[in-house]
Structure formats: structure tokens, C-alpha cells
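All of the numbers you see were taken from the coordinates with simple rules; none came from a lab. Just so we're clear, the structure is a prediction, and the values are computed from it rather than from any experiment. Here Cβ is always computed from backbone atoms with ideal geometry, including for glycine, and neighbour counts include all displayed protein chains.
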Amino acid sequence: MPRGDKSSYSEKQKRQAEHIEQGYEKRGLSEGESERRAWATVNKMTGGGKKSGSGRGKATNKGPAKKGGKLGGKASAARPAAARSASAKKAAATRKRRGH
């Protein structure tokens, strides 16, 4: 099987990778880098390609998927409290003006 062949992955794994890839692209990563990271995440979570069949499954490790969300916010936390407060007030005023 050549490198990059996705035939041994289940349909669920392929859907997961596609969804994760879209999230990375939304954050501004290139298409290639997004795909690479998405498959790396799926491999870490599920242990690689899975074949269907009773009793062949292993528990999914959801840690890698949660890790991305926990890493966010470091840049914001490094800013002074006054700057964060000003940004929050500005965002609240914008939401109020738009009627949200």
C-alpha cells in the first residue's frame, strides 16, 4: 500500500478527517497543511486505519481533539487585563448595536 493511501480507513474516520481539516482551514492554514494535521489527529485518536467487523474496535482517544481547543487563548491571556477588558467592552457594544 503506497503512502497516503486512505483505503484502510473507515467512512467515519474519513468524515472526521474532513471535518477537522475544515476547522484548520477556517483558522487560516493552507489546504495541504490542514489535510496533514487532520489525518495526524485522526491517527492519534483512532490508532490508524480501521477495518469493520465485530470485536475489532478499540476505544477512541478523544484527547487530541480536545487539545486544540485548550491551547487557544494563550495570546489573549498574555495581554494586560485593561487591554482584554477594552476588547470585551468593544465587542459587547458591537453586539448590542447589531441586536444580538
Residue-wise HN-Hα coupling along the stretch 82-99, computed from phi with Karplus coefficients 6.51, -1.76, 1.60 (Hz; x: Gly, Pro): 5, 5, 5, 5, 4, 5, 5, 5, 5, 5, 5, 5, 5, 4, 5, 5, 7, x
Top of 65, 40, 83 by mean-square fluctuation, Gaussian network on the chain, Cα under 10 Å: 83
Partner lysines for residue 90 [C-alpha distance under 26 Å; skip if fewer than 8 residues away on the same chain]: 26, 70, 74
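With Rg and the Kirkwood Rh both taken from Cα atoms, where does Rg over Rh land for the chain? Intermediate results must be reported in sequence, preceding the final value.
Working: Rg = 19.3 Å, Rh = 16.6 Å.
Ratio value, two decimals: 1.16.
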Of 44, 14, 66, the one that fluctuates the most in a GNM where the chain has Cα springs shorter than 10 Å: 66
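Counting each DSSP H run of 4 or more residues in the chain as -39500 (n - 2.57), what helix-only mean residue ellipticity at 222 nm follows after dividing by all residues, to the nearest 500 deg cm²/dmol? Mind showing how you got there, number by number?
Details: 5 runs with 64 residues, N = 100.
Taking each H run of at least 4 residues, the total per residue is -20000 deg cm²/dmol.
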Counted charge near residue 24, where neighbours are those whose Cβ lies closer than 12 Å (Asp, Glu -1; Lys, Arg +1): -2
Contact order normalised by residue count of the chain, Cα under 8 Å, 6+ apart, percent: 22
Of 6/66; 44/96; 14/67; 6/67, pairs whose Cα-Cα distance is over 31 Å: 44/96
